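Peer 1: Questions regarding the structure given below will be posed in turn.
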Amino acid sequence: MKDIAIYTLTSELHNPEAVSQATKEFLDTLDISFDFRGDDFSDFGSHTLSLIYVRTGGTEGIFKRLLPTLTAKLSSPPPIYLLTSGKSNSLAASMEILAYLRQQAMYGEILHGDAAYITRRIHLLVQVSKAKRRVAGSRLGVIGKPSDWLIASHADYAAVRQKLGVEIVDIPMQELLDLLPHRDDMPVSTQEGALRIYEALREMVHRHRLDGFTLRCFDLLTAVRNTGCLALARLNAEGIIAGCEGDVPAMLSMLIVHSLIGVSGFQANPARVNPETGEVLFAHCTIPLNMVERYELDTHFESGIGVGIRGYMKPGPVTLFKVSGDLTSHFICEGQLEQNLSQPDLCRTQQLIRLADPSAASYFLTHPIGNHHIVLPGHCHALLEEFMK
């Protein structure tokens, strides 16, 4: 089965042979592979992306009669994507259909324009649809509670389950500590001790069947005099979402990023913001190892103990992303990673990013969604915005 299915709406007033010829000519201009279903909607919604090709005008009533059948077979109303060439009053019919969908509080979109635009749009929708399917059914853990200073970074578990299909489970910090030696028995080598934390977290992931987690990592400083920074860097590189400080919204943001582009992203907080130039300096003591060209081991910044990661990511286009804990708001901004810094008074991985729109820097100073944000490589605004619809 191909990723895309195309269904058709056609008025009986139009000549079938002429419509079939026009259909072939139009679909041949699109650089996509698809299953052509015609007017047989029996498996609607089973493909990654279902497109309804409105071939002619006079199809509005046909769609209205069909809609209850399409929505009845699915657990929630699907987005309706209307494909049209614009011939035979098909665009006008599509606009009437879309207006009707909006009256029913349903989301829809008309795919119309030149062939290159429609093709790009379809490929993006396929990528996002695949990502949403990957996210649905995920199981995430909160190991320990969110850090005490994250007073705005909690989450609505019910909303997350309803909107994303993601289950979040709370796991006592003590369960992780029970897998680690007491601080007096930890290996003398800080790196060896950090690897013991990695192994313990791997066990936790296996034990609770997790696709990812966020860790109240500062508790490790007092309990075993080491950090989770190296463990999180490795686990993220292995495809397991691994967030810091028990920050649940940041973990959800990383899950979405990973579903779209295959890396978790760099969870960091702004250390400095220039609202005039749009330069923002982000820093944290860990970064996924599959996001950097090279890295060095240092101590954890705030405590001066354990292992921290100083990673050097390739300069170039990046995107900043963050969702709120109830998924009602989000922030997306593209920019340019200009320089990796190594200043002694900040967390070890430091990235100087210039925002594409300097005025967007005011967001951090007026209405931020918490302190942690996710830095991901590439310009991904369109992908993320489509996902958040």
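Peer 1: Given R₀ = 56 Å, FRET efficiency for GLN191-GLN103 by Cβ-Cβ distance, to 0.05? Before the final figure, lay out each step's value.
Peer 2: On the way: r = 62 Å, r/R0 = 1.10.
Step by step, r from the Cβ atoms, then E = 0.35.
Peer 1: Which of rounded, prolate, oblate describes the range 4-135, given a ≥ b ≥ c as roots of the alpha-carbon gyration tensor eigenvalues and a/c under 1.5 marking rounded, otherwise prolate only if a/b is larger than b/c?
Peer 2: The shape class here is oblate.
Peer 1: Of ILE80, ILE151, ILE97, which has the largest mean-square fluctuation in a 10 Å C-alpha GNM of the chain?
Peer 2: ILE151
Peer 1: Taking a ≥ b ≥ c as the square roots of the eigenvalues of the Cα gyration tensor of the range 139-388, is the shape rounded (a/c under 1.5), prolate (a/b larger than b/c) or oblate?
Peer 2: In terms of gyration-tensor shape, oblate.
Peer 1: Would you mind checking the tilt of helix 60-72 against the longest principal axis of the Cα atoms of the chain, expressed as 0 to 90 degrees and rounded to 10?
Peer 2: Approximately 40 degrees, to the nearest ten.
Peer 1: Work out the FRET efficiency for ASP170 and LYS314 from their Cβ-Cβ distance, taking R0 = 51 Å, and round it to the nearest 0.05.
Peer 2: 0.85
Peer 1: Treating the beta-carbon of each Lys and Arg as +1 and of each Asp and Glu as -1, no other charges, what is the dipole magnitude of the range 4-135 about its Cα centre, to the nearest 20 debye? It would help to have the intermediate numbers written out before the result.
Peer 2: On the way: 14 positive and 13 negative charges, 129 e Å.
With only Lys, Arg, Asp and Glu charged at Cβ, the dipole is about 620 debye.
Peer 1: Continuing with the same structure: Could you give the angle, 0 to 90 degrees to the nearest 10, between helix 16-28's Cα long axis and the longest principal axis of the Cα atoms of the chain?
Peer 2: Around 30 degrees separate the two axes.
Peer 1: Shifting gears a bit: Any idea which of HIS373, GLY304, THR119 is furthest toward the positive side of the dipole for the chain, if Lys and Arg beta-carbons carry +1 and Asp and Glu beta-carbons -1?
Peer 2: THR119
Peer 1: Hey, another quick one. Taking Cα centroids, how far is the range 137-189 from the range 323-347 in Å?
Peer 2: First find each Cα centre; the distance between them is then 22 Å.
Peer 1: Now for a separate question. Between GLN343, ALA233, LEU176, whose Cα lies farthest towards the positive end of the dipole of the chain when Lys and Arg beta carbons carry +1 and Asp and Glu beta carbons carry -1, centred on the Cα centre?
Peer 2: Farthest towards the positive end: LEU176.
Peer 1: Here's another thing I want to ask about it. Under a point spin-label approximation (7 Å from Cα along Cα-to-Cβ), what is the ALA223-LEU179 distance to one decimal in nm?
Peer 2: It works out to 1.1 nm between the two label points.
Peer 1: Please compute the modelled spin-label separation between ALA116 and ALA136, points set 7 Å along Cα→Cβ, answer in nm with one decimal.
Peer 2: With each label point 7 Å from Cα toward Cβ, the separation is 3.4 nm.
Peer 1: For the range 250-307 and the range 1-78, what is the separation of their Cα centres, given in Å?
Peer 2: After rounding, the separation between the Cα centres reads 44 Å.
Peer 1: Now a separate question. Are there chymotrypsin sites (Phe, Trp or Tyr not before Pro) in the range 29-110 that DSSP marks as loop and that have at most 11 other Cβ atoms within 10 Å, and which are they?
Peer 2: none
Peer 1: Let me ask something else. By how many nm would the segment from LEU124 to THR366 lengthen if fully extended, with 0.36 nm per residue of separation less the alpha-carbon distance?
Peer 2: Roughly 83.9 nm would be gained on extension.
Peer 1: Compute the length gained on full extension between ASP43 and LEU27: take 0.36 nm times their separation in residues and subtract their Cα-Cα distance, giving the result in nm to one decimal.
Peer 2: Length gained between ASP43 and LEU27: 3.7 nm.
Peer 1: Let me ask something additional. Quick one: which residues, 5 or more positions from LEU83 or on another chain, have an amide H under 5 Å from its amide H? H modelled 1.01 Å from N in the peptide plane, none for Pro or chain starts.
Peer 2: Sorted by chain and number, the residues that satisfy this are ILE52, TYR53, VAL54, LEU111.
Peer 1: Another question, then. Would you kindly derive the ³J(HN,Hα) couplings of the range 231-243 from the backbone phi angles with the Karplus curve 6.51 cos²θ - 1.76 cosθ + 1.60 (θ = phi - 60°), listing them in order in whole Hz, with x for Gly and Pro?
Peer 2: Using θ = phi - 60°, the values come out as 4, 5, 4, 6, 5, 4, 5, 8, x, 9, 4, 9, x Hz.
Peer 1: Same structure again: Using the Karplus curve 6.51 cos²θ - 1.76 cosθ + 1.60 with θ = phi - 60°, what ³J(HN,Hα) values do you get for each residue of the range 355-370, in whole Hz, with x for Gly and Pro?
Peer 2: 5, 4, 10, x, 5, 5, 4, 5, 3, 5, 9, 10, 8, x, 8, x
Peer 1: Restrict the search to the range 156-215; then list the trypsin sites (Lys or Arg not before Pro) that DSSP places in a loop and that have at most 14 other Cβ atoms within 10 Å of their Cβ. Write down the numbers at each step before the final one.
Peer 2: Values: sites: ARG161, LYS163, ARG183, ARG196, ARG202, ARG207, ARG209; in loops: ARG209.
The qualifying sites are ARG209.
Peer 1: Turning to a different aspect of this structure: Considering the dipole of the range 4-135 built from charges on the beta carbon (Lys and Arg +1, Asp and Glu -1) around the Cα centre, which of GLY57, LEU98, PRO78 is farthest to its positive end?
Peer 2: Most positive-ward Cα: PRO78.
Peer 1: Once you charge only the Cβ atoms, +1 for Lys and Arg and -1 for Asp and Glu, what is the size of the charge dipole of the chain about its Cα centre, to the nearest 20 debye?
Peer 2: 460
Peer 1: Between GLU276 and GLU385, with labels modelled 7 Å along Cα→Cβ, what's the label distance in nm to one decimal, could you check?
Peer 2: 2.9
Bear in mind these aren't lab numbers, they're just calculated from the coordinates by the rules spelled out. Fair warning: this is a prediction, and the values are worked out from it, not measured in the lab. Positions of Cβ are generated from backbone atoms using ideal geometry, with glycine treated the same way; all protein chains shown enter the neighbour counts.
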